[in-house]
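Shown next, in structure tokens, is the structure this report addresses.
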Amino acid sequence: MPEDAMVTEPPPGEYGGLFIVSETTQPTTFNYYVPNDLTTAVVLGRMFAGLTDFDPMKGEMVPALAKSWEIGEDQKSYTFHLREGIKWSDGAPFSADDVVFTFNLIVAEREDPETGEMVPIYPTRQYEDFKYENGTLSCEKIDDYTVIFRTPDIYAPFMFDIMGLPIMPKHKLAASNDDETFMKMWSTQTGIENPSEIVGTGPFVLESYRPGERLILKPNPHYWKVDSKGQRLPYVDRLIMKFVGDSNTSIISFATGQTSIAGVGPSDVSWVQRNEKEFDFTLYERGPSTSVSMIWFNLNPGKNEEGIPYVEPYKMAWFQNKLFRQAMFYAFDREAVIDAVFFGRGKPLDSMVAEAQGDWFNPNVRKYRYNPAKARELLAEAGFTWNPAGKLIGPQGNTVEFNLLIPAGGSSWESMVVTYKENLSDIGVTMNITPVDFATLIRRIDYTMDYEAGVIGWGSSSAAYDPSGSKALYMSSGIYHLWHPKQETPATPWEAKIDKLFTEQEGTLDLKRRQELMHEVQAILAEESPLILLASVQGYVGVQNHWRNFTIPPAGSTTWNIEEIWTDRPLDDPDN
């Protein structure tokens, strides 16, 4: 057992049991620093650990691989003291060398031979997080169990940015850094063919992965958390993720006793509740979601390798017109979507920051309630007209029609955008809906730019909130600046203004001032409307009643403490 093992607070439990969940999407990689989706992040969150973590029940940052830390008087240095005696899942010792290795990977740069500028060797979101106005984050080893981080500027979100960020094993990955093949390491093929090669410090290790079927995690034999009896966690024998075709199948599996837990959409609450007694589970209401869902238009004016514009120039002219975007927002009857799809259990989103985020949320932004007459007025002001058949005609004489990419298999997405399609038809706009698998969606919106409009959810498996967590979306240079990512310089004055405000809020530790600046950012986004926000819906989760130490936070992952969860119905119980 590690010398500095972390003793958990909940009552001690017993070993045994299978914790089963179902997912509609599959991991895209087992390397956290390769761009991935929420499902991948959740899986890897079970296999890796960071220096700190977030306790959603306490609403505060808590120790993880680091047992303590101090912030220097200059407010630009952070010293972390690591737990002694921790081992990687393969038995190799964990030390400060792994921490330094990880952060050196993240900020590694080389000179671009064409531009002479410094660019990341590994283009991750975290690279942008740790690039500051006057330099880059540094991480230095003081001794085997002490590291110090230094930021060139006072940077308020630093502790948030590193929270839960997985530390990677130097002894397994140093060679891939030397030959710059790190981003190719630990692919899904590794998970299929050689899962033991993937080494972490989280509560579980990968036992097997069968795409399209299931993924199985087993306890990490060297995990560093114990209960008050000294029993090493986790308790469960296996954590099994079953892959299903759509969210309806996932909910049906839970409601008929086949899985341990499931998120339940508002439209399914009534019928799922009727099964509570027969299948011995409880459905809990969690309050409004902290996630934000949105539609946007591709505003990237670039061209593909064949020299063809990503978006037809005449369509780009529509999309770049603020009045057109505002009209598309006013044309959306989101209240009807909430009533029909979510049974009234929600309300329209008005800001990129969810209302559930408290004082960060600006309630006074411009609001877009369903108003087709206003939409028509704005379109006419922008130079659009209607032909005798009622079709909207653009200023250059083209009929207004565009394609919307959506994730396939998500019934609520499809229901929402079908309503939107009907709404747009009422003002003469034709919107074609193109469902694609999630991997294809990400490839087209993040890399090939081969799309006209897209829809996606934006959120985190953590309940913690700081706007820096969405820096890559807010900043014009960000890789997730959905409508026009990775801009070398801001394409518009309003994006330049947001960049300035966002950078300013990062540079002060005055929380009230940071929130005021983010309120201004939200107001600009509402006015310019690059994002057509959808709905904030009530969250529900169902859990089988035999699981113990289960605490459901108001936001974030419901299995945030999976290592502490145990069952009083072990596997050999004939009634299980």
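The values are calculated or read from the model by the stated rules, or taken from the named source; none is laboratory data. The structure presented is a predicted model; accordingly, all values stated were derived computationally and were not measured. Please note: Cβ atoms are built from the backbone with ideal geometry, for glycine as well, and neighbour counts cover all protein chains shown. Heavy atoms of the whole protein, side chains included, go into the accessibility calculation; ligands, DNA and RNA do not. Shrake-Rupley method; radii C 1.70, N 1.55, O 1.52, S 1.80 Å.
Worth a mention:
- Qualifying positions in region 482-519 - modelled with pLDDT of 95 or more, among the charged types (D, E, K, R) and under 22 Å from Ile445 (Cα atoms): Glu495, Asp499
- Residue count for region 276-321 satisfying the condition of being over 14 Å from Asp450 (Cβ atoms), of a type outside the set (Gly, Ala, Ser) and part of a loop (DSSP other than H, G, I, E, B): 6.
- Filtered residue count, region 121-150, keeping only those that are basic (Lys, Arg) and modelled with pLDDT of 95 or more: 2
- Boolean, Glu70 is without any contact (Cβ under 8 Å) to a residue 12 or more places away in the chain, among the charged types (D, E, K, R) and surrounded by 11 or more Cβ atoms within 10 Å (Cβ to Cβ): yes
- Which numbered condition Lys303 misses (of (1) in contact with a strand residue (DSSP E or B) (Cβ under 6 Å, 6 or more places away or on another chain); (2) free of Cβ contacts under 8 Å to residues at least 40 places away in the same chain; (3) farther than 30 Å from Val7 by Cβ; (4) surrounded by 15 or more Cβ atoms within 10 Å (Cβ to Cβ)): (4)
- Val99 meets each of the listed conditions (1) part of a loop (DSSP other than H, G, I, E, B); (2) at pLDDT 95 or above; (3) open to solvent by less than 10 Å² (accessible area, probe 1.4 Å) apart from (1).
- Only one of Phe343, Phe324, Phe332 that is open to solvent by less than 20 Å² (accessible area, probe 1.4 Å), among the hydrophobic types (A, V, I, L, M, F, W, C) and either in contact with a strand residue (DSSP E or B) (Cβ under 6 Å, 6 or more places away or on another chain) or in a loop (DSSP other than H, G, I, E, B) (or both): Phe332
- Against the list (1) free of Cβ contacts under 8 Å to residues at least 24 places away in the same chain; (2) assigned to a loop (DSSP other than H, G, I, E, B), the condition Asp153 fails is (1).
- Number of residues in region 26-68 that are part of a loop (DSSP other than H, G, I, E, B) and either within 15 Å of Val205 (Cα to Cα) or in contact with a strand residue (DSSP E or B) (Cβ under 8 Å, 6 or more places away or on another chain) (or both) equals 11.
- Verdict on Lys141 being open to solvent by 70 Å² or more (accessible area, probe 1.4 Å), assigned to a strand (DSSP E or B) and of a type outside the set (Phe, Trp, Tyr): yes
- Within region 29-58, restricting attention to residues that are touching a residue at least 24 places away in the same chain (Cβ under 8 Å) and among the hydroxyl-bearing types (Ser, Thr, Tyr), the residue that is farthest from Leu441 (Cα to Cα) is Thr52.
- Qualifying residue in region 233-243 (condition: closer than 22 Å to Trp560 by Cα, modelled with pLDDT under 95 and aliphatic (A, V, I, L, M)): no
- Members of region 483-503 found to be farther than 19 Å from Glu527 by Cβ and in a helix (DSSP H, G or I), listed by number: Thr503
- When Gly91 is tested against the conditions (1) within 27 Å of Lys172 (Cβ to Cβ); (2) part of a strand (DSSP E or B), the lone failure is (2).
- Tally of residues being crowded, with 18+ Cβ neighbours inside 10 Å and either among the aromatic types (Phe, Trp, Tyr) or modelled with pLDDT under 95 (or both) across region 5-21: 1
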